[in-house]
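Worksheet: the structure to be examined is printed underneath.
The values are calculated or read from the model by the stated rules, or taken from the named source; none is laboratory data. Predicted, not measured: the structure shown is a model, and the values here were computed from it. So basically every Cβ, Gly included, is an ideal-geometry build from the backbone, and we count neighbours across all protein chains shown. Heads up: the accessible areas ignore ligands, DNA and RNA and are worked out on the full protein's heavy atoms, side chains in. Shrake-Rupley method; radii C 1.70, N 1.55, O 1.52, S 1.80 Å.
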2 protein chains.
Amino acid sequence: MGRSWWGWGDEDAAVTGEEAAALEQRVAALLPDADLTAHRPPAVHDVPLPAPRVSAPAALRAFVSDGHADRVAHARGKAFRDVVRNLHGAVDHAPDLVARPRTEQDVTDVLDWCTGAGVAVIPYGGGSSVVGGVEPRFDGPAVCLDTTAMNKVLEVDATSRAARVQAGILGPALEDALRPAGLTLRHFPQSFEFSTLGGWLATRAGGHYATVLTRIDDLTESMRVVTPAGTSESLRVPGSGAGPSPDGLFLGSEGTLGVITEAWVRLQDRPRYTASAAVHFDDYAGAVAATRALVQSGLSPSNCRLLDPVEAMLNAGTASQGGVLVLGFESADHPVDAAMDRAAELCADHGGAVRDRRSDDRAENSAGGRSGPGSAGAGGPARRWRSSFLRMPYQRDALAARSMIVETFETACTWDRFDALRHAVTAAAQDAMAQEGAAGVVSCRFTHVYPDGPAPYFGVYVAGRWGATVTQWDAIKSAVSEAIAREGGTITHHHAVGRDHRPWYDRQRPDVFAGAFRAAKSALDPGGVLNPGVLVDSDPRAAGRRNADPAPSR
Amino acid sequence: MGRSWWGWGDEDAAVTGEEAAALEQRVAALLPDADLTAHRPPAVHDVPLPAPRVSAPAALRAFVSDGHADRVAHARGKAFRDVVRNLHGAVDHAPDLVARPRTEQDVTDVLDWCTGAGVAVIPYGGGSSVVGGVEPRFDGPAVCLDTTAMNKVLEVDATSRAARVQAGILGPALEDALRPAGLTLRHFPQSFEFSTLGGWLATRAGGHYATVLTRIDDLTESMRVVTPAGTSESLRVPGSGAGPSPDGLFLGSEGTLGVITEAWVRLQDRPRYTASAAVHFDDYAGAVAATRALVQSGLSPSNCRLLDPVEAMLNAGTASQGGVLVLGFESADHPVDAAMDRAAELCADHGGAVRDRRSDDRAENSAGGRSGPGSAGAGGPARRWRSSFLRMPYQRDALAARSMIVETFETACTWDRFDALRHAVTAAAQDAMAQEGAAGVVSCRFTHVYPDGPAPYFGVYVAGRWGATVTQWDAIKSAVSEAIAREGGTITHHHAVGRDHRPWYDRQRPDVFAGAFRAAKSALDPGGVLNPGVLVDSDPRAAGRRNADPAPSR
């Protein structure tokens, strides 16, 4: 067993037996006409792949593989369209080689060789991209640079509450290493178990905190990045006003400028006091107004996730007229009940009824010292939603194998635009489903909220047609992306751009900035070898590597 | 009357009469050997200036001046070394022309003409730079582009609590325009009255909040920037993970990439509940430990400014063995007394004694609706320190005219390095004073604090020798900058780089980032006309403009 080559996470955690049956029942209740015949992926050895077009020089062979299973498993990320294509055994673009550098020198050696030989390099952490960020979707040869052998916590500064960490570490190993010091990074994206610090930094990942410290950027003190032009290391300070932030160039650079090898990250004391509640609304407009009032109050809940009625039903099993606000406060230092009291008042002002309120002043102890995306104590819908949160990707795979189109997309917009955006996105999704002859539902939740606007996260659950679900999804995705762009949302709040979001990113990004970024990339990656097609087109000097499959058209 | 051409702020606010006498008395008590003879600046008309080397084309003349007083008043910022050189009537480098564009098209026209004619352009807001950021310290001709005619609040979105504001607006006018909506930007740098939104953005200014929202970056939704390569406008959203932040390139760009013309900024409701206190310590190490505990507690005080004993005495008139922590909490939504209670407990754990504790639940009303850097209600040392804060630059000028060297410098470092850094900086300052044969004192306060470290702000008060105080200061500044660099601090937390910090900035900034930034600048400013010598050296293609006076050597 081990990591699944074709789907999410670990093979032995896949949905089977009773869980699968229950899932099928729920879907059948929602979409009675769905054909839920279960399809199976081929064995990894049976996936056809062309022979590698390049071979590593002798000096690199100690950590470079051209094995079939390695190449297949590193061929793409874990988006719905990735999983379905895997289920069909259709791996159009696989890396020719998989490099697993053990040191920064190994990284430099790979970049040097690739720059000299005109071979593309795709930096790869946990491989959990859902935007085509790690797929060599171009014609020339490619090396997948898997960072997970560089996976140590190198230093902990308990005084400043920070740690120097190698970028290839996965979430659980990082938390395990920090736990003895009573510290935690507390960055828990849904991909936590199967994504790396470097991947979080490269994609500006969103994490645990619904407010204030929403993004890995906020937890970053400094970074080391190996580029073809040399290694960049920013000064480790709590804040600097010395010119534009060097880290700001590399955060979100998605492997196009270099390979992030290390970072100093800001840590938290492990929370002791927690309070949680689920607030039910009869009216979604009231629920949105309450959420806005709450985030503008300065109370800074750690959890502030408004589930719309569809989301509440599908993922928390809770009937609700106007939605459920899953609310949490936490602190390592002081009780948070007064904050929850005031939050409840604000919700009541907008018609919210608090249920399942719980609090705990020994949170870390009661959770057995473990922490993670599902650890904070909360009852009822809150707890059910959290547990479902961790299972979602596995269930997505099970449904994808049953011809269901199950995928998410996300954005952020200012409060004044949210109503129009939600309506436009929902209508666009439903129109696209109708055109595809596919019945389905659209749900919405907030993953993060800011004083000036929410980060809405949409889910679609559609009965697709086996063999056509990728095309069907791409049509839906294209329609909702157009709606997001039209209504003033960002094409991504935390999933990144990759290859799949390029058309909308190119329109969103100021042209002047694009010119500056291209120039910066040419300075750091003069051969244009780093992740061609992501964020910007390949450097023309890097001949032969063109974006052969501009997603989501295929 | 009006703005002082040579010193800080308004001429009629200058220190005179009783205030001057009291100031002299205080200094005489501290430094009995100081020669406090008052010197006066020449009249602006008597300052010698070469004739302008260029004249504006006809199309620009409606908003371009070559007047003597305009050129002298725009020749430099308001650092100590600027004021002293003005007192001596020595304006080595003045702009040839002062342009006051009324529209973005005017800005574009200036950039186009200057790019074509090889004339440098120095973007200029309130002119309060203390780092040589607006001084045309090079050989070729220069236009000062004064943005203050573009000074309107264009739009207020009360739902999302944001406003679209022209960059040339000064602090008080911005707050006046927001007040009717009950909103405030609450960004109050010491220069608040005489600096602009565009200047804050270009220098990543630090503001009112000691924690969390410490910097104008945190209050910025999106920006418009006019560059020689076109106008960049970022999408207005509360957060985006679509590639590296476009705003991140322009925040801190100090006029080297373009002219910031507009921004959407995040606003706050005006605070209603406030609590303040002054916490006295017998032991500075305990005071530092208390401050660290406080900022790591997650209580997020709005004010958390630790004054060391020298600072407490000089600027709050308070005797203290170990320093005074000036503490404040505020909220528009909920009482903050519980937060202050917990803060007091944490301080007591480290030997702090709370005095002058006050709270107010009608803060905005009791302050008569006015807000600003000195408005929050606080008694005793807190209030005295705040009032002194606003007068400091004026008093600095009065003392500069009396041969005193009165200047500040600032940094940020992680907590584990702070003790060593403070000792090294203080020793370096004292050694340099001794070498200059000048007696003086060094004070330290924290302007902002982060969970991972403080932003220490140092002041020097030195009895100088008339005619030599700039040289003496430059020697001290160089010594303390070396100490900061050696001990792992940033060369600036919020004063910016300008021309004066270049030697240390060049060492601090990763070379790889410098290469990327230079490439980005070449793409946006191909003529190399924008603020040559700031952040990076002039583009070689822009011949004739070399950094003729690398500060602080003159």
Could you tell me which numbered condition A:VAL119 fails, if it satisfies all but one of (1) within 24 Å of A:GLU410 (Cβ to Cβ); (2) open to solvent by less than 10 Å² (accessible area, probe 1.4 Å)?
(1)
Yes or no: A:ARG236 touching a helix residue (DSSP H, G or I) at 6+ places or on another chain (Cβ under 8 Å) and in contact (Cβ under 8 Å) with a residue 24 or more places away in the chain?
no
Conditions (1) in contact with a Lys or Arg (Cβ under 9 Å, 6 or more places away or on another chain); (2) within 13 Å of chain A (Cβ to nearest Cβ); number of the one not met by B:GLY498
(1)
Please determine, by comparing only the residues of segment A:348-373 that are part of a loop (DSSP other than H, G, I, E, B) and open to solvent by 40 Å² or more (accessible area, probe 1.4 Å), which one is modelled with the lowest pLDDT.
A:GLY368
Within segment B:221-235, tally of residues that are among the charged types (D, E, K, R) and open to solvent by 30 Å² or more (accessible area, probe 1.4 Å)
2
Run down A:ARG164, A:ARG204 and say which single residue is surrounded by fewer than 23 Cβ atoms within 10 Å (Cβ to Cβ), within 12 Å of another protein chain (Cβ to nearest Cβ) and farther than 21 Å from A:SER331 by Cα.
A:ARG164
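Let's see how each residue does on (1) in contact with a His (Cβ under 7 Å, 6 or more places away or on another chain); (2) open to solvent by less than 30 Å² (accessible area, probe 1.4 Å); (3) modelled with pLDDT under 95:
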{"site": "A:TRP113", "(1), (2), (3)": "no, no, no"}
{"site": "A:GLY126", "(1), (2), (3)": "no, yes, no"}
{"site": "A:SER129", "(1), (2), (3)": "no, yes, no"}
{"site": "A:VAL134", "(1), (2), (3)": "no, yes, no"}
{"site": "A:PHE138", "(1), (2), (3)": "no, yes, yes"}
{"site": "A:LEU145", "(1), (2), (3)": "no, yes, no"}
{"site": "A:THR148", "(1), (2), (3)": "no, no, no"}
Quick check, is A:ALA293 touching a residue at least 60 places away in the same chain (Cβ under 8 Å) and not charged (D, E, K, R)?
no
Name the one entry in B:ALA485, B:ALA398, B:ALA412, B:ALA434 that is touching a residue at least 12 places away in the same chain (Cβ under 8 Å) and away from chain A (no Cβ under 14 Å).
B:ALA398
Restricting to segment B:35-74, name every residue that is within 30 Å of B:THR108 (Cβ to Cβ) and out of contact with any strand residue (DSSP E or B) (no Cβ under 8 Å at 6 or more places or on another chain).
B:LEU49, B:PRO50, B:ALA51, B:ARG53, B:PRO57, B:ALA58, B:ALA59, B:ARG61, B:ALA62, B:HIS68, B:ALA69, B:VAL72
What is the one condition in (1) touching a strand residue (DSSP E or B) at 6+ places or on another chain (Cβ under 6 Å); (2) within 22 Å of B:LEU201 (Cα to Cα); (3) more than 7 Å from chain B (Cβ to nearest Cβ) that A:LEU213 does not satisfy?
(1)
Within segment B:145-200, can you find the residues that are in a helix (DSSP H, G or I), aliphatic (A, V, I, L, M) and more than 16 Å from the chain's Cα centre (by Cα)?
B:ALA173, B:LEU174, B:ALA177, B:LEU178, B:ALA181
For residues in segment B:25-55 being among the basic types (Lys, Arg) and at pLDDT 95 or above, which is nearest to the chain's Cα centre (by Cα)?
B:ARG40
Considering B:GLU330, B:GLU345, which residue is in a strand (DSSP E or B) and open to solvent by 10 Å² or more (accessible area, probe 1.4 Å)?
B:GLU330
Restricting attention to segment B:243-285, the residues that are open to solvent by less than 10 Å² (accessible area, probe 1.4 Å), over 26 Å from B:ALA496 (Cβ atoms) and of a type in the set (Gly, Ala, Ser) number exactly 4
Within the set of pairs 6 or more residues apart or between chains, which connect a residue that is without any contact (Cβ under 8 Å) to a residue 40 or more places away in the chain inside segment B:489-500 to a residue that is part of a loop (DSSP other than H, G, I, E, B) with Cβ atoms less than 7 Å apart?
none
What strands (runs of 3 or more DSSP E) lie completely within segment B:215-310 and have 1 or more residues being small (Gly, Ala, Ser) and on the phi > 0 side of the Ramachandran plot?
B:230-233
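Condition check ((1) in contact with a Phe, Trp or Tyr (Cβ under 7 Å, 6 or more places away or on another chain); (2) not β-branched (Val, Ile, Thr)) across all residues:
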position: B:THR469; (1), (2): no, no
position: B:SER478; (1), (2): no, yes
position: B:ALA485; (1), (2): yes, yes
position: B:LYS521; (1), (2): no, yes
position: B:PRO532; (1), (2): yes, yes
Please count how many residues of segment A:27-41 are touching a residue at least 24 places away in the same chain (Cβ under 8 Å) and either in a helix (DSSP H, G or I) or loosely packed, with under 15 Cβ neighbours inside 10 Å (or both).
8
Which pairs turn up if I take residues in segment B:321-344 that are over 18 Å from B:GLN296 (Cα atoms) and look for partners that are among the basic types (Lys, Arg) with beta carbon separation below 6 Å, at least 6 apart in sequence or on another chain?
B:ALA332/B:ARG272; B:HIS334/A:ARG342
Could you pull out the residue among A:ARG53, A:ARG61, A:ARG3 that is basic (Lys, Arg), open to solvent by 20 Å² or more (accessible area, probe 1.4 Å) and free of Cβ contacts under 8 Å to residues at least 60 places away in the same chain?
A:ARG61
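With in the same structural domain as A:PRO123 (by TED's automatic domain parsing), within 27 Å of the chain's Cα centre (by Cα), part of a loop (DSSP other than H, G, I, E, B) and crowded, with 19+ Cβ neighbours inside 10 Å as the only criterion, which of A:ARG76, A:ARG85, A:ARG71 stands out?
Criteria check complete, one pass: A:ARG76.
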